[in-house]
Amino acid sequence: MKSENVEPEVDIWERLPSRADDRRNYAWRMYRIHDATRNCQHILAIGTAQSGDLGQERIDLVAYRLEASRFSMMGKKELVCQMSARRSFGVKLTNGFVIVEQKSLRSLSIGSLCFNEVVRWARHVAPNDAVLPITLLASHANSYGAENLERRFRFYRQFGIRFAVEGPLPPLQAESKPMKARELLSHEMSKFPNVDELDFAGTILQLVTKSEKLAAQSEMLDHDVRRLNGALERLLSEQRRRGESGLRFARHIQVPLLCIAFIFGAIIFRSGHFGITL
């Protein structure tokens, strides 16, 4: 889909969820992911950081799902995807384990969108380098079910990566065929019809504003709850006070009432009372 903004010069590292041990300078891009199956949308922030000397370059990629209700809470990070690639006597794109953490976010082109950034980097940085073999491991296939075998091969095929396989069915384990980085296929945004690239700064502002509004509403609700709890406590305290006062009054009049009852009984049952001789 149409890209609204490509490289905004906005540093919001402190606003975004982050790994405490990683303070590299990431270039961030923002996307809206449409989930037609669940009839919902997700805001995705993808950050890439390039580093390394000539011949030792590398790229690190992280992707986070952002929610207005948790945007200002740094401890509530939600990592969706994490990838890295490096150049060292060839280009190593992945270890064959590209995964989107949340099952609810799979099959939404998020993994392809992220890996597409890695492929673009490889084509630009080292077009004449050999792509080091990607090994698809049987243990990974077993972890995520046999139904994902074809999807796994289809994922790499869209980037021009082919595997040496025999037979009509995808094997549990395979290794990619030799190729140069320039032979990799990268894609424009039109490849991902359910994805819109958003204006970065505008989206951040909206998230911050909405988050602050939600925080203010939450604070007001907390204040109302505290006020109601105080009123309830005062009511219960008053009820307890009245109950204790009634109990003390009953204790105070208990002895006089017993005396009156004794005297009254003595008068009633006195011999000759009411003309009755006992």
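Residue under question is TYR156, and the condition is that it be at pLDDT 90 or above and of a type in the set (Ser, Thr, Tyr); does it hold? Show your work before the answer.
Details: at pLDDT 90 or above: yes; of a type in the set (Ser, Thr, Tyr): yes.
It is true that TYR156 is at pLDDT 90 or above and of a type in the set (Ser, Thr, Tyr).
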Query raised in the report: Yes or no: ALA45 surrounded by 15 or more Cβ atoms within 10 Å (Cβ to Cβ), in contact with a strand residue (DSSP E or B) (Cβ under 6 Å, 6 or more places away or on another chain), outside any loop (DSSP other than H, G, I, E, B) and at pLDDT 90 or above?
Result: no
Report summary line: Of (1) farther than 30 Å from ASP196 by Cβ; (2) at pLDDT below 85, ILE99 fails just (1)
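The values are calculated or read from the model by the stated rules, or taken from the named source; none is laboratory data. Please read all numbers here as calculations on a predicted model, not as lab measurements. FYI the Cβ positions are ideal-geometry reconstructions off the backbone, even for glycines, and counts take in every protein chain you see.
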